[in-house]
Amino acid sequence: MSRPLRVAVVGSGPSGMYAADALVGQEDIPVSVDIIDRLPSPFGLVRYGVAPDHLSIRSVRDTLDRVLDHPAVRFVGNVEVGVDLTLGQLREFYDAIVLTYGASRDRALGIPGENLAGSIAATDFVNWYTGHPDTPTDAFVDFLATSSSVAVIGVGNVAVDVTRVLSKAPGEIEHTDMPEHVFAALRGSRVRDVHLVGRRGPAQATWTTKELRELGELEETGVLVAEGAAVDDTASQAAIAEDKAVARNVKVVEEWAARPEDDRGRHIHLHFRCRPVEILGTDRVEGLVVETTVLDGSGQASGTGQTHVIPVDAVIRSVGYRGTALEGVPFDERRSVIPNREGRVVEGESVVPGLYVAGWIKRGPTGIIGTNKKDAVQTINCLLADYADPTAWSAARPAPEAVDEALAGRTVVPTDGWRRIDAAERALGASRGRDRTTIHQRDGLLAAADAGQ
Ligand code: NAP
């Protein structure tokens, strides 16, 4: 075999890193892997999604980082496919492309008032508190300073993260790697009540028990079960009987409902069977109108026509992430994923040669970080099977330098540039008595990447 199989992985979140790991972790086919990311730093949602106070989940980045130590793997940061490099160029430079760019947009609720001032997407708020370079430093300073009662719509783990960040005392969060301006804004927060709003019952919530329980363990904030928590319908009873995780979630809610009233000044209120129908307000949010629902035999909600207003002055919409299309790649608009069979991209019934997909853009925004490992391995097994016969690869591929030549003039962050960012963030954290502080501006990241060069 005269040269390694050249693979581009687009996106350096968990699925991209696990895909690269699966490629270099086998010995049948020699490979070289470029992991391309539009951001100067790798790890995607592990850096810009996982809540900063979830230290053990965030430590997954140490495992992902080791993939970059492999001599056949290069990080190519600050390069956006579709902008700095076209898909056509990638096809020219690499034998195979694995798209792992995730699902970074928020899903819309589609109700009146959704775009009022004071109604924000959880994805944006999470980006801000994790220090995403695309989110302005002051994005939610006013939001926190002017909101006292916030509805968080959706009862998944992102809603739980956002609720916890809003409800923690400063001392419970200031050991984390959040940027300094985020701590300052959270210290100035006027939020006292957070209303978590689920359109179905506690047996249908998609949060996980460990994360849910944490809401009941906060220093300054108590949990109140407000409405709709009964699990007396057949679908909920069946779900509890069949699924231990569901039974555990319901038990946590029942325990909270049985607790004596918590008289601390700050509260998380749980509302179930409340379907948001309108966000009230003229200049900004003044309330959330919800319709009481009932569940059918399969656990789906339908409205009863009875509505009431939850008294809030702000709304965070946390109803899931959504993938976006990449020019030249087939896209399933309904599911917001790239259509594929076990990771091979398909157009209609036909496989698109050389194009693969893994992670959220392959299957949708579900599962925990570890889910992406299995998912990436499935894709890479297909890829390796497709290239098992080396005589079938094109002999005319450009040399590895071709991609570097195409990027000449562009500020690319290579692996050692990322290592310098990493060192700078650790040093910044240490100067404040923390393990790390995230550098949140693109200029700052690029300066750190370049430092000493
Ligand atoms: P999710 O688990 O899919 O939750 C979305 C929530 O939004 C559900 O409660 C859903 O209710 C609700 N919803 C959707 N459309 C709605 C509408 N029109 N009106 C009212 N409610 C609506 O998504 P997520 O919370 O964004 O999390 C994404 C993935 O990341 C999940 O797999 C999650 O577990 C994972 N994650 C994990 C962690 C962790 O492990 N610590 C942390 C963060 C995220 P229905 O069920 O009724 O549709």
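The values are calculated or read from the model by the stated rules, or taken from the named source; none is laboratory data. Please read all numbers here as calculations on a predicted model, not as lab measurements. So basically every Cβ, Gly included, is an ideal-geometry build from the backbone, and we count neighbours across all protein chains shown. Ligands, DNA and RNA are stripped out before the accessible areas are found, and what is left, the full protein with its side chains, is counted by its heavy atoms. Shrake-Rupley method; radii C 1.70, N 1.55, O 1.52, S 1.80 Å.
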Original post:
Can you pull out the residues in the range 108-119 that are more than 12 Å from the ligand (Cβ to nearest atom), open to solvent by 20 Å² or more (accessible area, probe 1.4 Å) and touching a residue at least 12 places away in the same chain (Cβ under 8 Å)?
Top reply: P112, G113, L116, A117
**OP:** May I ask you to verify whether G348 is touching a Ser or Thr at 6+ places or on another chain (Cβ under 8 Å), over 19 Å from L64 (Cα atoms) and either outside the structural domain of A205 (by TED's automatic domain parsing) or of a type in the set (A, V, I, L, M, F, W, C) (or both)?
**Re:** no
Original post:
Across the range 87-107, which residue is farthest from the ligand (Cβ to nearest atom) among those that are open to solvent by 10 Å² or more (accessible area, probe 1.4 Å) and touching an Asp or Glu at 6+ places or on another chain (Cβ under 8 Å)?
Top reply: L87
Original post:
Any idea which residue in the range 149-160 is nearest to the ligand (Cβ to nearest atom), counting only those that are open to solvent by less than 20 Å² (accessible area, probe 1.4 Å) and not small (G, A, S)?
Top reply: I153
Original post:
How many of the residues in the range 190-224 are more than 8 Å from the ligand (Cβ to nearest atom) and either farther than 16 Å from V312 by Cα or open to solvent by 20 Å² or more (accessible area, probe 1.4 Å) (or both)?
Top reply: 20
Original post:
Wholly within the range 338-453, which helices (runs of 4 or more DSSP H) include no fewer than the required count, namely at least 2 residues that are exposed (fewer than 15 other Cβ atoms within 10 Å of the Cβ)?
Top reply: 371-386, 401-406, 415-430, 442-450
Subject >> Selection status of V50, part of a loop (DSSP other than H, G, I, E, B) and touching a strand residue (DSSP E or B) at 6+ places or on another chain (Cβ under 7 Å) >> reply: no
Subject >> Number of the exception - H308 against (1) within 13 Å of the ligand (Cβ to nearest atom); (2) more than 22 Å from A122 (Cβ to Cβ) >> reply: (1)
Original post:
Cβ-Cβ below 6 Å, separation at least six or inter-chain, first residue in the range 123-140 and under 15 Å from A184 (Cβ atoms), second among the hydroxyl-bearing types (S, T, Y) and in a loop (DSSP other than H, G, I, E, B): which pairs?
Top reply: W128/T135; G131/T438
Original post:
Right, S56: open to solvent by 10 Å² or more (accessible area, probe 1.4 Å), over 15 Å from T415 (Cα atoms) and under 22 Å from the mean Cα position of the chain (by Cα) or not?
Top reply: yes
**OP:** Could you please find all residues in the range 154-191 being under 22 Å from the mean Cα position of the chain (by Cα), of a type in the set (K, R) and not in a helix (DSSP H, G or I)?
**Re:** K168
